[in-house]
Structures are given as structure tokens and as C-alpha cells.
Amino acid sequence: MTGAPDWPVDHLRAVGRTYRAARGRGLDQLQSVDKAEAAYLAAGGPALDARATVLAIVAHLAREHGDWLFGPAQEWVERHGTREPTHGDLFDPPESIA
């Protein structure tokens, strides 16, 4: 990677692969970052400022390897015809009790 910050390779891989897979499954950005943060911590990343570090890693990967990072998300959009997955309203009850 050109000018890559000094993140351990296993942290970069954990964040990148997890974020990429989550977006490819149609998860929204927040859910994808949540999953990437969990992967970062599981890979031994320090808990202090974990969210900020994950966001910085995702931003770096987007600049340096955007086609790779967002390819599965673009394929999801092409299959489903929408930019983001649709979710029910925050206050909509589950169908099982509606």
C-alpha cells in the first residue's frame, strides 16, 4: 500500500475483509463498521480509540483499494437495485406481534 500508516497487517486484514464482506451482504455502513470494529478487537487491536482506528483503516483502504473494498457492495446494489438495504422504521414492531 502506498504510504500506508503503521497498522499491523493482521488488523488491516481483519478490518478490510470484515467490512468488505458485511457490505457485500447488504449491511449498511454503520453495521459494517460495527462488525469491522469487532474483528479489529478480535485480531488484537487495542480497545482505546478502536472506532476511530477502524474508520481510519476503512478510509485508507477506500482510497488505496476502493474497487476491492466496495466491489461486493456494488454487486449487492446491482442484484437488489438499491443503494442501501431497507430496514423497518425504528418503532415498527416485528411482524410476529404486529
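Quick notes on this structure:
- Scan the stretch 43-59 for residues that are aliphatic (A, V, I, L, M), in contact (Cβ under 8 Å) with a residue 24 or more places away in the chain and part of a helix (DSSP H, G or I) and the total you get is 4.
- Exactly one residue among Ala62, Ala36 is within 10 Å of the chain's Cα centre (by Cα), small (Gly, Ala, Ser) and either in a loop (DSSP other than H, G, I, E, B) or modelled with pLDDT of 85 or more (or both), and that residue is Ala36.
- Condition met for Ala62 (touching a Leu at 6+ places or on another chain (Cβ under 9 Å) and exposed (fewer than 13 other Cβ atoms within 10 Å of the Cβ)): no
Residue-wise test of (1) part of a helix (DSSP H, G or I); (2) over 17 Å from the mean Cα position of the chain (by Cα); (3) at pLDDT below 80; (4) not basic (Lys, Arg).
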site	(1), (2), (3), (4)
Arg13	yes, no, no, no
Leu27	no, no, no, yes
Gln31	yes, no, no, yes
Asp67	yes, no, no, yes
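- So Tyr40, is it free of Cβ contacts under 8 Å to residues at least 40 places away in the same chain and surrounded by 15 or more Cβ atoms within 10 Å (Cβ to Cβ): yes
The values are calculated or read from the model by the stated rules, or taken from the named source; none is laboratory data. The structure displayed is predicted, hence computed values, not measured ones. All Cβ positions, glycine included, derive from the backbone under ideal geometry; neighbour counts span all protein chains shown.
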